[in-house]
C-alpha cells in the first residue's frame, strides 16, 4: 500500500497532516521537505511508467547509405532512432535517417537485429515509414501509441528517447519550451510548427519518440541546434499521424504546388507589419509557376484560394495555410481573391502536382566527380539558369575534375560535344568515353557557372583509384 498524505495549510510554525489516518504535527520546514520528497517519488513513478510503455518500442536504426558529396559514390553505415507504432512492426523515423539507404537494419529492445523495408518517405516533413521483417514467432511486437500533441503546454514534462551518437537506448528528460515554434524562415520545413524542448536531442536521437508523462508519443525528435544548449525540436504527433496515413496509402505525400512563398502579415522575423485583419502576404512568386501564370504578384495580399478564406496573421499560422494549399485539387481552375493597391482582384489559378524533392545522382568515378539532376524544389538557384539539366554535385580532391577546374554547382550543358539534359544522357556518354581505350584520355565539357559559359577540358589520364 502506498503512502497517502493529505496536507492542510495553516498559519504558524506547525502544520497538521493526516498520514494513513493518523494526525501528525510537522514544522513548516519538515512539511516542505516531505512534500518535496513525495513529489519526487510521484514524478519518478510517473516517468518510470511512461518509460515502461514506450521503451520496448524504441529501435536503433542502422541504414547503409550511398553518398555522393565527396565526388564519388561511397557506402557507409549511419545511425538514428525510430519507434514501433503497430504490433506488425511499422516504424516511424526521420527521412534524413534513411534517405539514400540501400539497406536498413533495426535493433530492437531485446537486442535482436532485423531488416526493415522503407515503405515511404516525405522529405518535406522529414518523416519516413519503415516495415520491420520479423519472424512470425516474434509477433506481435511491442509498440507505442500516439498522444494528442495539441494538448501539450509549455512546462509539461517530456522524455526524448533514442540513440544519441550511436549509444543505444537512451533517455533524456526535459520540459516543453514552446509548443508552436515556426522554423520555416530558415528551412524547407514549412508544413508544420515544431515542439521545442530542452530534453537533449543529439545526433542519433533523430527519429526517436518524444514521450509525455502518459507514455504516449507526442513528437518525433528531429533537430538539435549546433553550439546551443537545451534547444531541440520535435515534429508534433498530430502531424506525424497524418503523414503516416498518407505514406501507408501512397508511399509518398502528394501535394499541390502554387509557386508562392508566403509571409505573415505581422512578421517579427523581418520586422514587417502589414495592415489588415485577414489574408496572408505573397512574399515571392517563382517564375513559370502556377501563381505566375495566374498573375499573382509579390506584395499581393492573398485573401482566399479555392473558396477557402486565408488568415496568416503570424508565422505560426503559415503551416496551416501551406497544408491547405497542398491538399487542394490539381489541374483544376480555382478562384483566387487578392488585395492589390487597396482593391480586391479576382483571379484564377490551376495548381500542379508538386514534383519530387528526391535526389538523383550519377557517379563519374573515373573523372572523380558526381553529377546530380537539377530539382526546382531543392536547387532553385540552378533551376533559374536551366529548367532541366544536371550539375556537378561533388568533386573529389585530389582528382581529375578538380585539376581541370570543374567546381560544385557547375551546370553541365554538353559532354564530348553532345547535349546533356538528364542523368541518363550523362551515363551513356560517360560509359562510351571511358570504355573507348583508343581515344585520348581527354573530354570537352561545357558548363554554365553563375550564368556564364565555360569550356573545360577534363584530362582523365591519371587514375586516382589505382593510386589509393
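The values are calculated or read from the model by the stated rules, or taken from the named source; none is laboratory data. Not measured: the values here are computed from a predicted model. Backbone-built Cβ (ideal geometry, glycine too); neighbour counts: all protein chains shown.
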_Condition first: in contact with a strand residue (DSSP E or B) (Cβ under 7 Å, 6 or more places away or on another chain), surrounded by fewer than 17 Cβ atoms within 10 Å (Cβ to Cβ) and outside any strand (DSSP E or B). Now tell me which residues in the range 424-457 satisfy that._
427, 441
*The one condition in (1) within 16 Å of residue 352 (Cβ to Cβ); (2) out of contact with any helix residue (DSSP H, G or I) (no Cβ under 9 Å at 6 or more places or on another chain) that residue 321 fails to fulfil*: (1)
*Only residues that are part of a strand (DSSP E or B) and surrounded by 20 or more Cβ atoms within 10 Å (Cβ to Cβ): list them for the range 123-148, please.*
127, 128, 129, 130, 132
*If you scan the range 149-190, which residues turn out to be free of Cβ contacts under 8 Å to residues at least 40 places away in the same chain and assigned to a loop (DSSP other than H, G, I, E, B)?*
153, 154, 155, 167, 186, 187
*May I ask you to say which residue of 123, 135 is farther than 21 Å from residue 51 by Cα and under 20 Å from the mean Cα position of the chain (by Cα)?*
123
*Could you count how many residues in the range 89-105 are assigned to a loop (DSSP other than H, G, I, E, B) and over 18 Å from residue 236 (Cα atoms)?*
3
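Given 104, 54, which one is closer than 21 Å to residue 164 by Cα, surrounded by 17 or more Cβ atoms within 10 Å (Cβ to Cβ) and in contact with a helix residue (DSSP H, G or I) (Cβ under 9 Å, 6 or more places away or on another chain)?
On the way: 54 fails: in contact with a helix residue (DSSP H, G or I) (Cβ under 9 Å, 6 or more places away or on another chain).
Residue meeting the stated conditions: 104.
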*Among the numbered conditions (1) in contact with a strand residue (DSSP E or B) (Cβ under 7 Å, 6 or more places away or on another chain); (2) surrounded by fewer than 21 Cβ atoms within 10 Å (Cβ to Cβ); (3) part of a loop (DSSP other than H, G, I, E, B), tell me where residue 275 comes up short.*
(1)
*Does residue 313 satisfy the condition of being surrounded by fewer than 21 Cβ atoms within 10 Å (Cβ to Cβ), in a helix (DSSP H, G or I) and outside the structural domain of residue 161 (by TED's automatic domain parsing)?*
no
